[in-house]
Amino acid sequence: MSLPPGFLDELRTRLSLSQVVGRKVTWDARKSNQGKGDMWAPCPFHHEKTASFHVDDQKGFYYCFGCHAKGDAISFVKETENVSFIEAVEILAREAGMPMPARDPKAQEKQDRRTQLSDVMEQAVQFFKLQLKTGAGTAAREYLTRRGLDAQALDRWEIGFAPDGWQGLWDHLRGKNVTEDLIIGAGLAKPSNQGKKPYDTFRNRIMYPIRDPRGRCIAFGGRALDPTDNAKYLNSPETDLFDKGRSLYNHGPARQAAGKGHPLIVAEGYMDVIALAEAGFGASVAPLGTAITEHQLNLLWRIADEPIIALDGDTAGLRAAMRAVDLALPMLEAGKSLRFALMPEGKDPDDLLRAEGAESVQAVLDAAVPMVKLLWQREVEGKVFDSPERKAALDKSLREKIKLIRDPSIRSHYGQEIKDLRWQLFRPERRPNRNWQSGGKWQPQQQPASPGARASFLASSENADIQLREAAILAIAILNPQVVIQFEHQLEDMECQNPNHAELRDAVLRHAIDDPENLKEHIVQTLGSQALENLLNLRHVAVIPCVFKPGDVEKAEMTLAEELAKIKALRGLDAEIAEAAEELSNLDDEALTYRLAQAAEERNQASRSQNKDRGHFDVADNGARINRDEKDAFAAIMSGIKFERKRQ
């Protein structure tokens, strides 16, 4: 059975050789490097204990250094399953989800035609290269020189020039006895609508040959020299050789460079790829004048697990990046993703290289962000979320995007990352006196007190009391996370004097509502075990587990409400005193005295228990707390003694 042209290429593209071979061998973890597709195992074709069987997943070939067996996925299945070539193809096609083509008696004829077309394309490459060196190519050479390409670079990339004539290439190929249908079939000429000779597809353009992974020229990209030309760049039309959405510029060399450890970079244009490769970034490719397609994305993931999309620093570049995000989301797999490196505004990779050198490009690549950050940026950039409705709209939009991810594990991780980014966006709005410092943690932004406020006895004596209460509140919340949702806003407004308390409060708010059962584990992961131990080992905090029985939610709610109210009142009094100290020197106003009196009264009320009727303690005249059960028992004893005395 003959297979149609391109079928086997597509089959090899869709399959990972390491997955096919992995069903028959056990990989040697010490020698293998899965990230680079460099896998080693004992050979399945002869008995051995050492790992001499090598699989190069990037190139799609295996080789045994012991028995010298070699081949691709098809030959591996043939040998291990003892099947024919067609049967091996059928097995792999089922695995790849590709239907076997119907029997095509003309398949060999089509294959022969592809070979002929490829030969014609090679003749065109040589013609264009020669034209670049003639007088007609002077303007093209000058342009390429300005772009930083010397003669050696022009030869390496086989760059040529299509002269400004209607039948220059046509006449050349016809003089070589190339048939008209092959010239037109290769996309090098177009038939005339006026009954004249066919005319060249490319005229007055710098020509970039486009080759498939095997090195065969399948198309051309042409850049116009005339600035008034309607199409600055023009690609070959679709032919039996060329499918634009399934091809990449510089595919073969980039695959080899990526196999040697170079990062895979996806740029926009031919000159970007050439400039990057000449500067040492050999694993650079470009889609052919269109947004990245699903097939191209699969090709990229065959080369590297995390290609870097390096786009121009303009609006069009950002739009292209967003289209790539939307395309990739449903296709994500464990270990397969994209990173995005956006060039400085108004520059492409070639511009940045010529202006600042390879170090600047490397810095941009090192700062490439993962897909989730770009997805978040698109949804929040330039928007204001000052109402519940706008925040709900953001949540809905992000949920819809995350639903596109088929892999449940990746979908879960995206959800958590979005939740973290959302928390960072909205929490600061409710703490305007805090500042986001380096290191990714919130730190208190203390306002300097006036000299009068600093000198006041009350301000200096109550700071310690406030910090003690902060610690108790946090300990109660950590030990009883199920009550945090009731006090979320009060905890957000609690201005912690101790920076460590501020970090603990943020960790509690961040995790207690969504995952209360694992709150302590989240705190340890975020801040380390020492932060939690330091809090719970404080003397006045260590007694809390003894006072609060497990599950005593009511007592936890009462205590939190009371302590939060006390801190609020204490801070209110501090603020009034600080403001009054500033004003008293310049203003004699009875309103100040009234304000201070009111603040003091609120403090006194807060200092008294707000839950006497529901609590288990009474307060004696001297301020001591008396357990009600003990008091009642003591009263009963005293009553009994009095009764006995009366009887006597």
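The numbers here are math on the coordinates, done by the rules we state, and not lab data. Note that the coordinates shown come from a computational prediction; the quantities given were computed from them, not determined experimentally. Please note: Cβ atoms are built from the backbone with ideal geometry, for glycine as well, and neighbour counts cover all protein chains shown.
Structural remarks
- Peptides 187-197, 130-140 ranked from most to least packed, by the mean per-residue count of other Cβ atoms within 10 Å: 130-140, 187-197.
- Under 13 Å, Cβ to Cβ, from L560 - net charge with Lys/Arg +1 and Asp/Glu -1: -2
- Estimated FRET transfer efficiency (D243, D171; beta-carbon r; R0 35 Å; 0.05): 0.75
- With neighbours defined as other Cβ atoms within 10 Å of a residue's Cβ, the residues D314, D348, D515 order from fewest to most as D515, D314, D348.
- Rounded, prolate or oblate (a/c below 1.5 giving rounded, otherwise prolate when a/b exceeds b/c) for region 47-150 by Cα gyration tensor: oblate
- At q = 0.12, 0.17, 0.26 Å⁻¹, base-10 log of I(q)/I(0) for region 463-536 (Debye sum, equal scatterers on each alpha carbon): -0.27, -0.55, -1.32
- Cα-based shape type of region 234-348, given that a ≥ b ≥ c are square roots of the gyration tensor eigenvalues and the cut on a/c is 1.5: rounded
- Segment N537..N298, full-extension length gain: 80.6 nm, with 0.36 nm per residue of separation and the alpha-carbon distance subtracted.
- A cut-off under 10 angstrom between Cβ atoms defines the neighbours of P263, and their net charge, with Lys, Arg +1 and Asp, Glu -1, is -1.
- Global geometry of region 263-430, whether rounded, prolate or oblate, following the gyration tensor of its Cα atoms and the 1.5 cut on a/c: prolate
- Derived scalar couplings ³J(HN,Hα) [region 180-196; Karplus, 6.51 cos²θ - 1.76 cosθ + 1.60; whole Hz; x for Gly, Pro]: 4, 5, 6, 5, 5, x, 7, x, 8, 8, 10, x, 7, 7, 10, x, 8
- Fewest-first sequence of T293, T315, T115 by Cβ atoms within 10 Å of each Cβ: T315, T115, T293
- Label point distance in nm, Q482-E10, each placed 7 Å from Cα along Cα→Cβ: 5.8
- Rg then Dmax, both in Å and based on the Cα atoms of region 7-96: 12.5, 37.
- Residues L425 and D119, FRET efficiency given R0 of 56 Å [Cβ-Cβ distance, rounded to 0.05]: 0.40
- For the pair R23 and R323 in one chain, pulling the backbone fully straight at 0.36 nm per residue adds 104.4 nm over the alpha carbon distance.
- The calculated FRET efficiency for E142 paired with S192, based on their beta-carbon distance and R0 = 35 Å, is about 0.60.
- Dimensionless Rg over Rh [region 129-242; C-alpha; Kirkwood]: 0.96
- When each of K24/K403; K383/K419; K36/K520; K31/K373; K336/K403; K129/K260 is checked by Cα-Cα distance, pairs over 27 Å: K24/K403; K36/K520; K31/K373; K129/K260
- With neighbours defined as other Cβ atoms within 10 Å of a residue's Cβ, the residues S75, S529 order from fewest to most as S529, S75.
- Within-12-Å neighbourhood charge of E158 [Cβ basis; K, R +1; D, E -1]: +1
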